[in-house]
Amino acid sequence: MVGEAVRVGKSGASMPGVRTSGAGLSGARGPSADRGYALRAHADSQWAGPPSPAAAGSLPVELAAFEGVVDPATLRQAARRAREIGVGGDEVLRTAGVVEEADATRALAARLGVPVGDAAALKVPDGETARGLLRTGLALQARPDGPPDSFIAVQGRAVRRVARALRADPGLARRTRLIAPSALRRHLMDSHGEMLAEAATADLVTARPAASAATLRPLRLVIAGAAAGATVLGGLFFADPAMALLLVQAVLSLIFLSWIVLRLAGCAYTPPEDPELDLEERRLPVYSVLVPLYREAAVVPRLVTALSALDYPPEKLDIKLVVEADDHETRAAIAATRLPAFMEEVAVANRGPRTKPKALDVALAFARGQYVAIYDAEDEPEPDQLRRALAAFRAGGRDVACVQARLAVDNGEESWISGHFQAEYAGQFDVLLPVLAGLGLPILLGGTSNHFRRDVLEQVGAWDPFNVTEDADLGIRLARAGWRTA
């Protein structure tokens, strides 16, 4: 297995690859771990001033900003960790709890020679503009007396590009404002939440009306189907009642036997071996995990612990706890739980339809990963599931747009009903779906532990806010667009 499996228990956990003795990058990851929070950046008054040019040249700009505040050994370790996994050094410091994002933004702004901007000053006219701002982190605000001001929410290696642009055009610094990325997301969530929900709701039904359940007229379909069936069956019964009854039985038996044959074939099918987990840390992409919650306050602490145990570089994890804005009990439980730096709440505005797929569509705009996974509140994913999904994508080829993880019920011993439920899941995910995937047939997704290529997910319209069977709907839409599910 690549990297170190990190499991969070009552005593916390360690961040793989970055360790110090004493204060510094001691590497807290879990919600109950305190060791990584001993050394923090504080207010601007505590900054020791800019480092000398000679000292600054030894660190990338996103780390040089912290010289004089964070001890040199910690900065060197952060730089080494950043090189090993392919991220910015400031992201390492924030994930380890050494600095807070607001303090980091002030330090970076001071280093770049630009002021810190106020996200509330941004003028965002509609939901589509808000989503573009979330994706790019860049907003231009017109000024009557000259070129527009640039508001930039930036972190990691992107800081280096900003630094190069400022060196090439010193006048640009007077028109640039730096914003903390999380402050931008919070502002857009709080002040433009309804716009974002409206844009997410309209996406699929506007681009592909026939693919959305919003355009269905169930009563019309039922009446048309009943009329057609009654016409055919009425004609058959009128001509030869015995033959008509035999034909109906034959058709129903054929459908039933087809499923039986497919399941028996699945018992004889040997799926291929899982691909090797040999992905280098540097090659791992940013991975977003969306977890929709509704009235599930009781599971929040256990869920945060389970997600914190994922074996993936925390600097490349982007976990969103997706809640309804008026679900005050669940939001209070999240607020009472100290979330890791890579985990945050996304509050979905109270605008219909109030469905899980609508909530996922809204949250997708806040995600920054190249790959997106969906978990439910009660899930306890295997720690290496994200790595295994990436290995499956790589082994399956470019036409694999989705990987469905196998689901297992863990309380089958509790009752007769839960035992049958466990058996049904075993038949579905260990027998039927592997043979369907092997034959290249469409797969009805399981509703959780789905992993997507984000570009393909957006290309097919993501989730249908009006369809509460979003797992089946999306699996079929992917297949109709020519993509495979593994």
- [ ] Kindly check whether there is at least one residue in segment 210-217 that is part of a helix (DSSP H, G or I), among the charged types (D, E, K, R) and either touching a residue at least 40 places away in the same chain (Cβ under 8 Å) or over 21 Å from residue 128 (Cβ atoms) (or both).
- [x] no
- [ ] Would you confirm whether any residue within segment 354-369 is more than 19 Å from the chain's Cα centre (by Cα) and on the phi < 0 side of the Ramachandran plot?
- [x] yes
TODO: Can you confirm whether segment 453-471 contains a residue that is surrounded by fewer than 16 Cβ atoms within 10 Å (Cβ to Cβ), modelled with pLDDT under 95 and hydroxyl-bearing (Ser, Thr, Tyr)?
DONE: yes
TODO: Just one of (1) without any contact (Cβ under 8 Å) to a residue 40 or more places away in the chain; (2) assigned to a helix (DSSP H, G or I) trips up residue 270, so point out which.
DONE: (2)
- [ ] Would you point out which residue out of 391, 359, 347 is under 22 Å from residue 306 (Cα atoms), touching a strand residue (DSSP E or B) at 6+ places or on another chain (Cβ under 7 Å) and assigned to a helix (DSSP H, G or I)?
- [x] 359
Open item on the list: Quick test for you: out of 98, 92, 162, pick the one residue that is part of a helix (DSSP H, G or I), within 24 Å of residue 367 (Cα to Cα) and touching a strand residue (DSSP E or B) at 6+ places or on another chain (Cβ under 7 Å).
Closed with: 162
Open item on the list: Cβ contacts < 6 Å: first residue in contact (Cβ under 8 Å) with a residue 40 or more places away in the chain, restricted to segment 327-338; second residue open to solvent by less than 90 Å² (accessible area, probe 1.4 Å) and assigned to a loop (DSSP other than H, G, I, E, B), any location; separation 6+ or different chain. Result?
Closed with: 337/31; 338/31
Task: Filter result (in contact with an Asp or Glu (Cβ under 8 Å, 6 or more places away or on another chain) and among the polar types (S, T, N, Q)) within segment 332-358 - done: 350, 355
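For (1) at pLDDT 90 or above; (2) over 30 Å from residue 317 (Cβ atoms); (3) surrounded by fewer than 19 Cβ atoms within 10 Å (Cβ to Cβ), each residue gets a yes or a no:
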{"residue": "366", "(1), (2), (3)": "yes, no, no"}
{"residue": "369", "(1), (2), (3)": "yes, no, no"}
{"residue": "394", "(1), (2), (3)": "yes, no, yes"}
{"residue": "398", "(1), (2), (3)": "yes, no, yes"}
{"residue": "402", "(1), (2), (3)": "yes, no, no"}
{"residue": "409", "(1), (2), (3)": "no, no, yes"}
{"residue": "414", "(1), (2), (3)": "no, yes, yes"}
{"residue": "420", "(1), (2), (3)": "yes, yes, yes"}
Open item on the list: Among the residues that make up segment 244-260, is at least one of them under 24 Å from residue 436 (Cβ atoms) and in contact (Cβ under 8 Å) with a residue 24 or more places away in the chain?
Closed with: no
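The values are calculated or read from the model by the stated rules, or taken from the named source; none is laboratory data. What you see is a predicted model, and the numbers here were worked out from it, not measured in a lab. Here the Cβ is made from the backbone with ideal geometry for all residues, glycine too, and neighbour counts use every protein chain on show. SASA here: full protein model, heavy atoms, side chains in, ligands and nucleic acids out. Shrake-Rupley method; radii C 1.70, N 1.55, O 1.52, S 1.80 Å.
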